[in-house]
Amino acid sequence: MPSWIGPWEIAILVILLLVIFGPKRLPELGSSLGKAITGFKRGLKESEGEIRKAIKEEPEAVETPKVAEAAKVSEEEKTG
């Protein structure tokens, strides 16, 4: 828990939430918030897995056009 949130701040937030939403609606809000956080974490893990998979499948030696052009020029100098 962050150090700037103390027990009094949490108590005030809980009281405000009870006043605004009521005791019947508060558990529903908590449940939907928990499901949303779980879905967000699952999405992050899936995207991380896809990125790692793409990195592994990427060829190790990728030549940029400048590198390929420089290699071609050096080969011409050697032969010419």
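Of note:
- Within the stretch 1-20, being exposed (fewer than 10 other Cβ atoms within 10 Å of the Cβ), of a type outside the set (A, V, I, L, M, F, W, C) and under 29 Å from the mean Cα position of the chain (by Cα) holds for PRO2, SER3.
- Just one of the numbered conditions (1) surrounded by fewer than 10 Cβ atoms within 10 Å (Cβ to Cβ); (2) modelled with pLDDT of 90 or more is not true of PRO23: (2).
- Among the residues listed as GLU69, GLU48, GLU63, the single one being acidic (Asp, Glu), part of a helix (DSSP H, G or I) and either exposed (fewer than 10 other Cβ atoms within 10 Å of the Cβ) or modelled with pLDDT under 90 (or both): GLU69
The values are calculated or read from the model by the stated rules, or taken from the named source; none is laboratory data. All of these numbers come straight from a predicted model, not from anything done at the bench. With ideal geometry, Cβ positions are generated from the backbone for all residues, glycine too; neighbour counts draw on all protein chains shown.
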